[in-house]
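Undergrad: Sharing a structure with you now.
The values are calculated or read from the model by the stated rules, or taken from the named source; none is laboratory data. Values in this document were obtained by computation on a predicted structure and should not be read as measured data. Here Cβ is always computed from backbone atoms with ideal geometry, including for glycine, and neighbour counts include all displayed protein chains.
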Amino acid sequence: MAFRVRGLQKGELDGFLACFQAAFGVDDSSIPVVRNSLVNDPYFHPERVRVGVLNAEIVSAAVILHRAAHVGNQVVTVAGITAVCTNPVFQHRGLGSRVVQDTVRLVRQQGYDLAILTTRLPDFFSRFGFREVPKVGGYECPVSALARLASETGCATERLDYQRHWPALAAVYHNYSQGITGMQVRDMRFWETWPRRGTFPYGFSSQLDATGLVGLVDGQLVAYLAAHSPAEQPHLAITEFAHLRGHDQAALALLRDAAERCLAMGLRRAVIRVGGNAPLISLLEAQRVPLEVDVGPGLMVLVPNREWIREAGFRRVDDAIENLFRSSPPVFWHRDGY
């Protein structure tokens, strides 16, 4: 039977997951996490899971995550391409290339402004029009420096309870994200389904190595923070952070509280993953927190639709990419699969 590429059909999710597991060698406990991240994604559509089928078996695949992101005062649609895989038994036959080619076709057909992926194989994806840019993982600093932060506020902190707090979190995030390049646009469906996806946020879970905190001023939730300590490289990883405008001091109080807890656990380094022109960085610099940019290879971008470039204030595609991925502070961080 001839090899063909098409969208995922009803009853084929297990076949896709089997291909994914064979390609990446993940253990059985990780597969439910991948399943939940897809079926509970409020923007999931089976047509955006491209599968290569040979003899009725899914042997290659790629997933398009539908997202939107702020670029200054503009909103651009983003295709986060992830889970690009081919069963090892069927590799080196060009099947994965055909799936990626079809994925790019669909991205262009559906009018996405931007496509992003992370990879260890940049030469492979450059054949399809992707260009490599520095992957910025965040800012590193000593946990002790965050524990010494001064905060001029009457902010009270308490443990974050997602089920109780999420409407307020959504309002804080919406206020905070406006105009910050690289931050995702999140509607209420996103917040309602987030816990069921199982991949993030670690800080909103009951994991022992996770911390979710909210800041309250006069009883109003004005800031929140989620952090965890990765098992493979223990450090304080601040992965979700936002505050209402005018309440940056409350945000500093949360950072200090999280750092104090992690110092007690023996952690010494912190990685702060914030997007774009986030005001947090200037606040930390003002208190002389020694920040180092955490940069690594592997981020690639494709601009299938160029109409948004001029509306966002750029003359050329290269200027837009330079601003998005090489500006200081950096933008577009790895989240939700891209």
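Undergrad: Just to be sure, is ALA223 hydrophobic (A, V, I, L, M, F, W, C), touching a helix residue (DSSP H, G or I) at 6+ places or on another chain (Cβ under 8 Å), under 11 Å from TYR176 (Cα atoms) and touching a residue at least 12 places away in the same chain (Cβ under 8 Å)?
TA: Answer is yes for this residue.
Undergrad: Let me ask you something else. Let me spell it out: the conditions are (1) in contact (Cβ under 8 Å) with a residue 24 or more places away in the chain; (2) over 15 Å from VAL301 (Cα atoms); (3) more than 22 Å from the chain's Cα centre (by Cα), and ARG127 meets all of them except one. Which number is the exception?
TA: (2)
Undergrad: For residues that are surrounded by fewer than 22 Cβ atoms within 10 Å (Cβ to Cβ) and either part of a helix (DSSP H, G or I) or not assigned by TED's automatic domain parsing to the domain that holds TRP308 (or both), tally how many sit in the range 51-98.
TA: Result for the range 51-98: 6.
Undergrad: Something else about it: Pull up the range 99-125, narrow it to residues that are outside any helix (DSSP H, G or I) and in contact with a Pro (Cβ under 7 Å, 6 or more places away or on another chain), then point me to the one that is nearest to LEU17 (Cα to Cα).
TA: Filtering the range 99-125 for residues that are outside any helix (DSSP H, G or I) and in contact with a Pro (Cβ under 7 Å, 6 or more places away or on another chain), the one nearest to LEU17 (Cα to Cα) comes out as ALA115.
Undergrad: Please state which one of LEU254, LEU267, LEU263, LEU283 is assigned to a loop (DSSP other than H, G, I, E, B) and under 18 Å from PRO142 (Cβ atoms).
TA: Sole residue among the options that is assigned to a loop (DSSP other than H, G, I, E, B) and under 18 Å from PRO142 (Cβ atoms): LEU267.
Undergrad: One residue is enough: does the range 99-106 have a residue meeting the conditions surrounded by fewer than 22 Cβ atoms within 10 Å (Cβ to Cβ), charged (D, E, K, R) and modelled with pLDDT under 95?
TA: No.
Undergrad: Right, something else. Would you point out the residue of the range 224-272, among those that are among the charged types (D, E, K, R) and either outside the structural domain of TYR173 (by TED's automatic domain parsing) or within 20 Å of TYR162 (Cβ to Cβ) (or both), that is modelled with the lowest pLDDT?
TA: The selected residue is GLU240.
Undergrad: Does ARG120 meet the test of being exposed (fewer than 15 other Cβ atoms within 10 Å of the Cβ) and of a type in the set (Lys, Arg)?
TA: In short, yes.
Undergrad: Further, regarding this structure: Cβ-Cβ below 8 Å, separation at least six or inter-chain, first residue in the range 289-313 and crowded, with 17+ Cβ neighbours inside 10 Å and at pLDDT below 85, second basic (Lys, Arg) and assigned to a strand (DSSP E or B): which pairs?
TA: LEU299/LYS135
Undergrad: To continue, here is another question. Would you point out the residue of the range 139-175, among those that are part of a helix (DSSP H, G or I) and at pLDDT below 90, that is nearest to ALA210 (Cα to Cα)?
TA: Only one residue tops the list, namely TYR162.
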